[in-house]
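Quick notes on the structure that follows.
Read-outs throughout are calculated quantities, based only on the coordinates presented, and are distinct from any laboratory measurement. These numbers were taken from a predicted model, which means no experiment stands behind them. We place every Cβ from the backbone using ideal geometry, glycine too, and count neighbours over all the protein chains shown.
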Amino acid sequence: MTELSAATDRNRLAESAYGSDRDLAARQSLYQWQTPRRDLAGIVAEQLSGVRGHGRVVDVGCGNGRFVQRLRAARPDLSLLGLDIAPGILATVPGAVAVADVMRLPLATGSVDAALAMHMLYHVPDIPQAVRELSRVVARDGVTIVSTNSDRDKAELDDLWHRAASDVLGSGREPARFSVGARFSLEKAPAFLGEEFGRVRTIELPSTVTVHDPEPVVAYLASYRAWADQYDVPFDATVERARAIVTDRIARHGTFEVGCRAGILVCRH
C-alpha cells in the first residue's frame, strides 16, 4: 500500500484510525501544555461572526465534535450539522450528525452559510474534488474555514520517532518516514484552495508544547497505531524506545519541547 492510499483509505479511517475518538483525543490532549494557548475552536467562532442568526454551518470531517460542541455553546443561534465518514466517532457528538464523505457531500448547492474542514483534507484521495465540493455547498457570500499543519509542525516528534526507530532497527537500516498530513500542509493548502476560492487568507498559529512528563508525548506517538504498517518498524518497541529517550531528556533538562506550526485558512468566493 502506498503512502497516499494509506493516508486516504476509507476503511482504515472509518474503522481503525477514527473508529472511536481514543486516538484523536490523545493527539488533542497534547495541546494542554501549549504556549501561547491557541484556542482554535474560539478562533473559528470569531471567523463565523458574520454568519447571521439561524445561519447554516456544516463541519465536514467533524471527528469527535470538538468544534461542533464549541459552536453550539458560543453560537446557539446557528444551525449546525456534523459530518464524518466514521460512524463510531460520531457516537459521542451531540446534535445533528450524519455519515458522509467530503468527496460527495449530501447537501444542495449553496445550501450552507459556512463549511468547516478542520485537519482533514489530507485524508481525502482527491483533494481538488473535495475543495470543489466545499465550494459547491457554500453560498456565494459564505465562508469556508480549513485548518492544517505546516511541513515544519512538530519536527521534534518526527526526529524522536526516527531516532527511536533507528535504535530499534539497529545499524544498517534506515527507518521509513511517513506523514499523514504532508499532502495538504499549510504551505500547499493555498494553491489547492485558490482553485475554487477567490480569496484565501492564512492565519498562522505557532506555539510550543512543553511537557514535564513523557506520557503525553508517548500517547501522541502511539495514537498513530492505525498506520503502524507504514513505518516498517516494530511499532510498540519503537514507542517504548521513544518513551525512554524522552524520559532521559526530561531527567537531564527538566522539559521536552515540541514546536507546533498550525494554521487556518479562511476562504471566500
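Remark: the residue 159-residue 199 segment gains 10.9 nm on full extension, using 0.36 nm per residue and subtracting the alpha carbon distance. May I ask you to list the trypsin sites (Lys or Arg not before Pro) in the stretch 12-46 that are in a DSSP loop and have at most 12 other Cβ atoms within 10 Å of their Cβ? Of the trypsin sites (Lys or Arg not before Pro), the ones in loops of the stretch 12-46 whose Cβ has at most 12 other Cβ atoms within 10 Å are 37.
The stretch 131-187 and the stretch 8-77 have Cα centres spaced 18 Å apart. Computed extension gain for residue 79 through residue 136, at 0.36 nm per residue and net of the alpha carbon distance, reaches 18.7 nm. Which part of the stretch 100-115 falls in the paramagnetic zone of residue 129, meaning amide N under 11 Å from the point 7 Å along Cα-to-beta-carbon? Zone members listed by number: 102-105.
Other residues with beta-carbon under 11 Å from the beta-carbon of residue 222 carry, at +1 per Lys or Arg and -1 per Asp or Glu, a net charge of 0.
Stretching the chain fully between residue 187 and residue 54 yields a gain of 44.5 nm (0.36 nm per residue, less the alpha carbon separation). Between residue 70 and residue 177, the modelled label-to-label distance comes to 3.0 nm, taking each label 7 Å out from Cα in the direction of the beta carbon. Suppose R0 equals 25 Å; then what is the FRET efficiency for residue 96 and residue 212 from their Cβ-Cβ distance, rounded to the nearest 0.05? Working from the Cβ atoms, E equals 0.05. Starting from the Kirkwood radius over alpha-carbon pairs of the chain, derive D by Stokes-Einstein at 37 °C in a medium of 0.692 mPa s and give it in µm² s⁻¹. For these conditions, the coefficient is 170 µm²/s. A helix-only calculation puts the chain at -10000 deg cm²/dmol for mean residue ellipticity at 222 nm, using -39500 (n - 2.57) for each DSSP H run of at least four residues, averaged over all residues.
Using the Cα coordinates of the stretch 44-203, the gyration tensor eigenvalues translate into equivalent-ellipsoid semi-axes of 33, 18, 15 Å, sorted from longest to shortest. Note down the relative contact order for the stretch 3-268 as a percent, whole number, built from C-alpha pairs under 8 angstrom at least six residues apart. Relative contact order of the stretch 3-268: 24 percent. Put a dot 7 Å past the Cα of residue 244, heading toward its Cβ, do the same for residue 232, and the two dots end up 2.4 nm apart.
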